[in-house]
Amino acid sequence: MNRQILRPVALIVTLLALCASPAARTVDRRAQYLDAFVDVDDGSGEWTIGNAAVTYTVAIRPNRSLETRGLAIAGTSDPITGGTAPDTVLTVAGATVRLGAPASGFVVESVQASTGSHFVSLAIRLHGVDHGLAVTRHYVVYPGAGAVEMWTSIATLDHETRAVQNLNAYDIGVPAGAIDVVTGLQTPQQDGGAFTRVTRSLQVGERMTIGSATLSSGEFMPYLSIGNGHHRVYGGLLWSGGWSTTLVRDGESLRVTTGLPGMSAWARPGAAVEGPHAFIGATWDRPGADIEAVTRFVHAGRAGREFPALTTFNTWFVHGINIDERTAQRDIDMASAIGVELFQLDAGWYPRRRPRDVFDFTDGLGTWEADTERFPSGLAALADYAHERGMKFGLWVEPARVSLDTVGRPGLADAAFLALQDGHYQPGVENDAARDAQICLADPRARAWVTDRLIAPLEQVRPDNLKWDFNRWVHCTRVDHQHPVNGGNYEHTRALYEILGAVRERFPALTIENCSGGGHRIDFALARLTDTAWMDDRSAPSAHVRRNLNGLLALFPAKYLFSYVMAGGDESIEAAEDIPLLVRSRMPGVVGLATDLRQLGERQRNELHQQIELAKQLRAVQVDATTYALTSQRPGPGEWDVIQQVMSGSGVSIIFAFANGAANPIVVPLRGIRADVIYELRSADRVTVGRLHGADLIAHGLLIAPAPETAAQVLVLEPVGGAATH
Ligand SMILES: [Zn+2]
């Protein structure tokens with residue numbers, strides 16, 4: 001994936017010095033970008049990729065086999081990971097081999113170190129003559145981010161197409177400890193619900209598997225963090241399809257295997273298989289160190305592209321498909337008046353035939369044309385209308401699904417494009433009862449059609465934002481598509497990245513919203529290729545949104561995580577006494593608004609306006625912050641929710657404290673406080689509260705009392721000088 005992003009600008013090819021004398025021990029720097037580097041020790045055959053936070057070392061033995069020296073915290077000599085076996089496996093011709101191990105059939109052929117546009121990379125190519133395959137083990141390190149990204153690509157050596165199975169990203173031993181995972185979007189309430197933080201430990205011999213069968217964030221999030229009180233190892237997959245991670249306790253070690261089991265892929269002449277990327281990193285085990293490292297990794301992989309985090313008005317929960325030009329213009333007028341920056345036209349802008357209800361957006365899906373009856377001036381004119389009122393304009397699409405009654409019409413989807421799982425458009429539904437189908441993006445003609453269809457409205461309407469939805473998933477098992485029967489999921493996911501990459505290349509300023517509520521795919525790959533992720537269709541009540549944020553903050557910068565202020569549960573906006581509570585519950589992340597503004601009174605609109613302005617004002621300092629949940633995920637009212645965002649450069653913190661019905665004050669331990677600094681504490685509602693010494697904050701924590709004016713306090717803690725005079 002991300003070939004566009006991972007394009008090397010300089011290559012240094014090094015042939016192996018197989019006969020080098022062990023006595024001639026010199027370390028050469030072969031690539032460098034800021035603090036990230038690749039070094040080789042010609043004497044020992046050791047290649048080290050790393051930066052100021054971590055190093056990862058592999059060794060080429062004189063017999064051209066590969067050994068792992070492992071992952072270490074920079075400045076320490078002992079690796080945290082255990083064992084010297086190569087760090088990945090592949091199933092080829094029915095046998096699982098450890099790539100580069102003696103007798104694996106794969107020997108090291110060459111090593112390349114290179115400096116890319118925003119990273120360094122190390123690529124070790126192995127030859128498997130008997131298998132007819134060449135595999136390349138890739139390692140990438142970004143500056144300032146304590147993690148190593150790794151994956152395997154597999155190419156056929158001749159003109160044969162060859163099948164490989166079980167694309168593994170890594171298989172590495174780490175110290176045993178408490179394992180933190182986060183459940184996925186589809187986790188039922190009786191199992192804790194979506195995005196729940198769970199900590200487990202394994203007994204010797206015990207095994208644990210996390211994963212998602214179809215989409216990255218269905219059952220579990222593709223992430224884990226393991227701490228033993230001394231070291232902490234964290235990692236995740238950059239993959240949006242089905243995946244699996246298995247952990248097995250072996251003595252004081254945990255073997256972590258992560259990848260795509262139970263699948264096949266074809267290495268074809270001229271088309272290598274690229275396995276899923278994954279990252280692994282390490283730090284000292286102190287609270288929040290893993291969150292800070294993962295936040296840095298996500299930012300670093302985006303090559304300087306910031307999360308826009310625009311305040312957004314969305315039409316969906318207000319109008320469903322009953323949206324037209326006049327309604328949209330009225331919404332633009334009202335949303336712009338309260339300071340909202342982006343008008344997002346959601347589903348239903350295309351002609352419909354027989355919709356079942358106001359939320360039936362499947363009807364007409366796949367025509368890729370605007371309904372001229374409801375939008376007589378066209379969508380480009382509506383985008384202009386938004387721009388004239390100072391707003392950006394967003395267009396909704398669901399590129400990989402079509403209504404079946406559009407199939408076969410001139411210029412529209414062909415029946416050959418459609419994904420079939422064991423002959424069905426939708427598993428468990430007879431085909432004559434199905435209304436829609438997924439496009440299998442693995443099919444080259446389908447991929448070309450989707451790309452063309454997508455680019456046309458982007459050229460014509462010129463939206464600022466694209467909301468990319470996804471509401472159908474099947475494992476395509478068609479035998480007449482260019483993927484193995486059990487390879488539809490893999491090829492579809494790779495093709496998704498190709499299309500997203502093509503859109504990004506052609507429209508670099510366009511921001512993309514990953515609509516994960518329907519999509520069940522909020523992951524490290526899409527956090528690189530998209531700019532905003534709508535977390536969950538359940539965007540209310542506020543307590544639910546805060547719970548989602550609490551779980552997902554371990555993985556993603558808060559400014560990627562999007563939710564709407566809208567009515568739901570026992571909350572309404574019209575009757576809300578505490579509008580700041582509604583907006584501030586979303587404010588650590590991206591603030592959206594999905595409510596009928598006509599129904600609101602002057603007071604509610606004024607208060608929304610104030611809160612939207614506060615969100616925009618805070619965003620300037622939130623943009624590269626690390627966000628910590630200082631309290632655990634709350635099951636219900638009566639307990640505090642407290643979140644802290646720390647700006648590493650300035651040392652400024654923003655603290656969001658939600659009393660949630662709690663009657664008593666709370667004391668929270670803060671992150672990132674310096675003992676020798678005096679901090680000024682300000683409130684968004686009551687200006688300056690007072691001055692605090694860093695040493696006192698570290699020793700005693702911050703006491704937060706319920707405030708009379710709102711259940712949602714926003715506090716800013718800013719360094720104002722040294723504490724030496726104290
Ligand atoms: Zn297919």
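What follows draws every value from the coordinates through simple rules; no lab data is involved. Treat the numbers as computed from the prediction; the structure is a model and nothing was measured. Note that we place each Cβ from the backbone using ideal geometry, even for glycine, and neighbour counts take in every protein chain shown.
Taking 0.36 nm per residue of sequence separation and subtracting the Cα-Cα distance, how much length would be gained by fully extending the chain between residue 632 and residue 44, in nm to one decimal? Provide the component values of the computation, followed by the final result.
Numbers: separation 588, 0.36 × 588 = 211.68 nm, distance 4.76 nm.
Here the segment from residue 632 to residue 44 would lengthen by 206.9 nm.
Once label points are set 7 Å from the Cα along Cα→Cβ at both residue 159 and residue 61, what is their separation, rounded to one decimal in nm?
Each label point is offset 7 Å from its Cα along the Cβ direction, giving 3.8 nm.
Once a ≥ b ≥ c are taken as the square roots of the eigenvalues of the Cα gyration tensor of the range 549-648, is the result rounded (a/c under 1.5), prolate (a/b larger than b/c) or oblate (a/b not larger than b/c)?
Here the range 549-648 falls in the oblate category.
Using the alpha-carbon centroid of each, what span in Å lies between the range 266-339 and the range 575-596?
The two parts, judged by their Cα centres, are 19 Å apart.
When the C-alpha atoms of the range 628-722 are aligned to their principal axes, what extent does each axis show, in angstrom, from largest down?
40, 26, 22
If R₀ is 25 angstrom, what is the calculated FRET efficiency for the pair residue 578 and residue 198, using the beta carbon separation as r and rounding to 0.05?
Between residue 578 and residue 198 the formula returns 0.20.
How large is Rg over Rh for the range 41-156, taking Rg from the Cα atoms and Rh as the Kirkwood inverse mean of 1/r across Cα pairs?
0.97
Placing +1 at every Lys and Arg Cβ and -1 at every Asp and Glu Cβ, with all other atoms neutral, what dipole size does the range 628-722 have around its Cα centre, in debye to the nearest 20?
80
DSSP beta bridges in the chain, what fraction antiparallel, as a percent rounded to 5? Walk me through the numbers on the way to the answer.
Working: 154 of 180 bridges.
Bridges in the chain that DSSP calls antiparallel: roughly 85 percent.
Could you tell me which of rounded, prolate or oblate describes the chain, using a ≥ b ≥ c as the square roots of the eigenvalues of the alpha-carbon gyration tensor, with rounded for a/c under 1.5 and, failing that, prolate when a/b is larger than b/c and oblate otherwise?
Because a/c hits 1.5 or more and a/b fails to exceed b/c, the chain counts as oblate.
On alpha carbon coordinates alone, what is the Rg over Rh value for the range 153-243, Rh being the Kirkwood radius?
Rounded to two decimals, Rg/Rh equals 1.07.
Just to be sure I understand the model, the point goes 7 Å from the Cα along the line to the Cβ. What's the resulting residue 230 to residue 268 distance in nm?
In this crude label model, residue 230 to residue 268 measures out at 5.1 nm.
How many percent of Cα pairs in the range 427-558 exceed 22 Å? Don't jump to the answer; show the numbers that get you there.
Working: 4062 of 8646 pairs.
Tail of the P(r) past 22 Å holds 47 percent of the pairs.
On a full-extension model of 0.36 nm per residue, what is the gain between residue 598 and residue 207, subtracting their alpha-carbon distance, rounded to one decimal in nm?
135.2 nm is the gain from fully extending residue 598 to residue 207.
Cα-Cα pairs above 22 Å in the range 8-301: how many percent?
58
Can you give the local net charge around residue 311? Use residues other than it whose beta-carbon is closer than 11 angstrom to its beta-carbon, Lys and Arg +1, Asp and Glu -1. Numbers along the way, then the final one.
On the way: positive: 392, 586, 616, 619; negative: 341, 613.
With Lys, Arg at +1 and Asp, Glu at -1, the neighbours total +2.
Percentage of Cα-Cα pair distances in the range 64-120 greater than 17 Å, rounded to whole percent?
So the pairs more than 17 Å apart make up 56 percent of the total in the range 64-120.
Under the definition of Cα pairs under 8 Å and six or more residues apart, what whole-number percent is the relative contact order of the chain?
9
Any idea how far the Cα center of the range 172-202 sits from the one of the range 462-505, in Å?
If we compute the Cα centre of each part, the gap is 28 Å.
Can you pull the one-decimal nm distance between simple spin-label points at residue 605 and residue 27, each 7 Å off the Cα toward Cβ?
6.5
If every alpha-carbon in the range 303-402 counts as one equal scatterer, what log10 I(q)/I(0) does Debye give at q = 0.10, 0.13 1/Å?
So the normalised log intensities work out to -0.28, -0.46.
Can you work out D for the range 312-534 in µm² s⁻¹ from Stokes-Einstein, where Rh is the Kirkwood radius over C-alpha pairs, the temperature is 4 °C and the viscosity is 1.567 mPa s?
In µm²/s, the coefficient rounds to 72.
Would you mind calculating the gained length between residue 52 and residue 486 on full extension (0.36 nm times residue separation, minus the Cα-Cα distance), in nm to one decimal?
Stretched fully, the residue 52-residue 486 segment lengthens by 152.1 nm.
Kindly state, as a whole number, the per residue volume in cubic angstrom of the convex hull around the alpha carbon atoms of the range 169-303. Walk me through the intermediate numbers first.
On the way: hull volume 16.9 nm³, N = 135.
Value for the range 169-303: 125 Å³ per residue.
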